[in-house]
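The values are calculated or read from the model by the stated rules, or taken from the named source; none is laboratory data. This one's a predicted model, so the numbers in the text were calculated from it and none came from an experiment. Neighbour counts are summed over all protein chains in view; Cβ atoms, including those assigned to glycine, are modelled from backbone coordinates with ideal geometry.
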Amino acid sequence: MACKLKYSSSSLNNLSQNQKHKFSITHSIMIYQANAVYSFIPKNACSTMRLSVAHANGCIDSIEQGHWIHANNGTFNATLGEAIKADYTFTILRCPFRRLASVFLDKFVAKEPLAWSYRTRLERKIELDSLTFRDFVKSLTKAGMLRSDIHWRPQVDFLLYSQYHDYFCLENFEEIVRVLKDKIDFKVIDARSLTNHGLSELKAINTDCFADSEAFDIAIMKRNGECPDYNSMYDDELYLTVSNLYREDIQLYKDKFSDSDILKIVR
């Protein structure tokens, strides 16, 4: 049976002009030997998975060549025929609250290129060192901002299919590794040592709410081996704002996993 495309009927235009479909298929990756399609979503272990696919597809030998993936995001995109005839499809979802906090604590605190692009979109009216998580979240309520960068764009936009064979929960990464090995003989290669994106090596701090802490101050914490945990980035106001912004993502996550997997404010 053909795999049903999620956005193909969202427009009566030629499929090549259907922007929702075009976006989702450019975030698909073929695993050729398994005839499998993986839909990658930034901030959802996508560096690890893109590295693993590059290795499985015979383009790199090891993690030492891992930076190859950054110039080859579209190299393994599925064609329309490949997408429809795939034998196995999967994607990795992440709690929307954790994903958004991760963007700030990773990309903005480190002042990576996307942070400077974000500042330009705001007409350089903010300073990155003094930016707070509250400032960032509130800015996403402005016209055009929510979908202005793939790292915080809603996860539902990346989905190529109406239904996948498997939806994986990033927070249960061991299951991803096990199931992909069992089902399609796919080996996951952990890329965190290559990207330095993870916070797992830092001591998580949850003694205060860090929603109004400036990025520079959090950068100092990270240099000292500490970092606010995701829970501590929220208060009730921010939690409600993100709940409204990412309503579809939250509902999808609850449908595929459980309400208990969603971050709750606990101190």
**Message:** When you check Y246 against the structure, is it at pLDDT 95 or above and closer than 21 Å to Y38 by Cα, yes or no?
**Reply:** no
**Prompt:** Can you name the condition, by its number, that D190 falls short on among (1) among the charged types (D, E, K, R); (2) closer than 30 Å to D61 by Cα; (3) in contact (Cβ under 8 Å) with a residue 40 or more places away in the chain; (4) part of a helix (DSSP H, G or I)?
**Reply:** (4)
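State whether one or more residues within the range 40-47 are within 19 Å of Q163 (Cβ to Cβ), touching a residue at least 12 places away in the same chain (Cβ under 8 Å) and polar (S, T, N, Q).
yes
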**Prompt:** Which ones in the range 6-30 are within 27 Å of K43 (Cβ to Cβ) and out of contact with any helix residue (DSSP H, G or I) (no Cβ under 8 Å at 6 or more places or on another chain)?
**Reply:** N18, Q19, T26
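So that you can scan it fast, the table gives a plain yes or no per residue for (1) under 21 Å from I29 (Cα atoms); (2) within 17 Å of the chain's Cα centre (by Cα); (3) of a type in the set (V, I, T):
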{"residue": "L93", "(1), (2), (3)": "yes, yes, no"}
{"residue": "A101", "(1), (2), (3)": "no, yes, no"}
{"residue": "L131", "(1), (2), (3)": "no, no, no"}
{"residue": "L160", "(1), (2), (3)": "yes, yes, no"}
{"residue": "Q163", "(1), (2), (3)": "yes, no, no"}
**Message:** Given the condition part of a loop (DSSP other than H, G, I, E, B) and more than 13 Å from A83 (Cβ to Cβ), answer yes or no: does some residue in the range 22-41 qualify?
**Reply:** yes
**Message:** Restricting to the range 103-162, give me the number of residues that are outside any loop (DSSP other than H, G, I, E, B), without any contact (Cβ under 8 Å) to a residue 60 or more places away in the chain and not basic (K, R).
**Reply:** 10
**Prompt:** Scanning for something more than 24 Å from I126 (Cα to Cα), of a type outside the set (K, R) and either without any contact (Cβ under 8 Å) to a residue 24 or more places away in the chain or not in a loop (DSSP other than H, G, I, E, B) (or both), does the range 211-224 turn up at least one residue?
**Reply:** yes
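Without any contact (Cβ under 8 Å) to a residue 60 or more places away in the chain, hydrophobic (A, V, I, L, M, F, W, C) and not in a strand (DSSP E or B): does that describe L12?
Numbers: without any contact (Cβ under 8 Å) to a residue 60 or more places away in the chain: yes; hydrophobic (A, V, I, L, M, F, W, C): yes; not in a strand (DSSP E or B): yes.
Considered against the rule, which asks whether it is without any contact (Cβ under 8 Å) to a residue 60 or more places away in the chain, hydrophobic (A, V, I, L, M, F, W, C) and not in a strand (DSSP E or B), L12 comes out as yes.
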